[in-house]
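Derivation of every value follows stated rules applied to the coordinates shown; laboratory data play no part. Everything numeric here is computed off the predicted structure, so don't read it as measured data. Every residue, glycine among them, receives a Cβ derived from its backbone with ideal geometry; neighbour counts consider all protein chains shown.
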Amino acid sequence: MNLIHTKLEGCFVLEPNIIGDERGYFYESYNKNTFDRLTGLDVNFVQDNQSFSKRGVLRGLHYQYGEMAQAKLVRLLSGSVLDVAVDLRRESPTFTHYIAVELSAENKKQLFIPRGFAHGFLVLSETAEFSYKCDNFYSKAHEGGIIYNDKTLDIDWQLAVDELVISEKDAILPAFEEAVY
C-alpha cells in the first residue's frame, strides 16, 4: 500500500498494491499493521458503514464533534464519487480548507479523514456503493453538518446545481458560520 500526503495534515490517500492476472485481481483493502506503520497512527476502527446512491446524490457535509468525533477510512465498492474532506480544526493552518479526491471502484484509492473534519461525497457514476470505517460510534447528539454550497468553504462539486440530489436533512444544514463543531 502506498501513502499519499494531501495538503491537509493528517488526511491521506491510500493506494493499494493490486495483484492481477487473467483470473482477476486481489488486494488487501485494510491491514492495521500496514496502516499504522504508513500513517504513524494507531487508529482503532469500531464501526463499518455502507451506502448505495444514484448519480448526482450529494451526501454531506457531515461530521461528529466532541467526545464522539470520528476518523474515517472511506472507499468505493462500485462506481465513482468526488470525495470531500474539510478541515474544521481551529488550530490548524489549513482550517476551512478542503480537498476533493475522486475515489472509484476502478482506482481502488481510499481516503483517511481524521477527527475534526467534515466529510461529504457526490456520486459521479450512474450508481455508487460507498464503504467506510469509523473509529468511534455514531451519536445523534454529537452530529453536525454544514450546507454543501457554503460560501466560506466554496467547494467545487464539479456538477451543476440542477444535477444534484440532496436530502431534505442535508438541504437545511447550517452555513459554516452557524455550525457547531
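Quick one: in the stretch 42-72, which of the residues that are of a type in the set (D, E, K, R) and over 15 Å from the mean Cα position of the chain (by Cα) is farthest from A160 (Cα to Cα)? Looking at the filtered set, the residue picked out is D42. Note on the stretch 123-148: among residues that are in a strand (DSSP E or B) and in contact with a helix residue (DSSP H, G or I) (Cβ under 9 Å, 6 or more places away or on another chain), the one that is farthest from E67 (Cα to Cα) is G145.
Just give me the residues in the stretch 73-106 being more than 15 Å from the chain's Cα centre (by Cα), more than 22 Å from E143 (Cβ to Cβ) and of a type in the set (S, T, Y), in sequence order. Correct list: S78, T94.
Here E67 fits the description: part of a helix (DSSP H, G or I) and either polar (S, T, N, Q) or farther than 21 Å from F35 by Cβ (or both).
Note on the stretch 1-41: residues that are in a loop (DSSP other than H, G, I, E, B), more than 19 Å from the chain's Cα centre (by Cα) and not polar (S, T, N, Q) total 6. Summed over the stretch 42-53, the residues that are part of a loop (DSSP other than H, G, I, E, B) and either over 16 Å from L111 (Cβ atoms) or not aliphatic (A, V, I, L, M) (or both) give a count of 4.
Quick one: is K32 in contact with a Phe, Trp or Tyr (Cβ under 6 Å, 6 or more places away or on another chain) and of a type in the set (D, E, K, R)? No: the conditions fail for K32. For the stretch 101-122, a residue qualifies if it is surrounded by 19 or more Cβ atoms within 10 Å (Cβ to Cβ) and assigned to a strand (DSSP E or B), and the qualifying residues are V101, L103, Q110, L111, F112, I113, F117, A118, H119, G120, F121, L122. Within the stretch 126-181, track down each residue that is surrounded by fewer than 18 Cβ atoms within 10 Å (Cβ to Cβ), hydroxyl-bearing (S, T, Y) and within 16 Å of the chain's Cα centre (by Cα). Once the filter is applied, which keeps residues that are surrounded by fewer than 18 Cβ atoms within 10 Å (Cβ to Cβ), hydroxyl-bearing (S, T, Y) and within 16 Å of the chain's Cα centre (by Cα), the stretch 126-181 yields S131, Y138.
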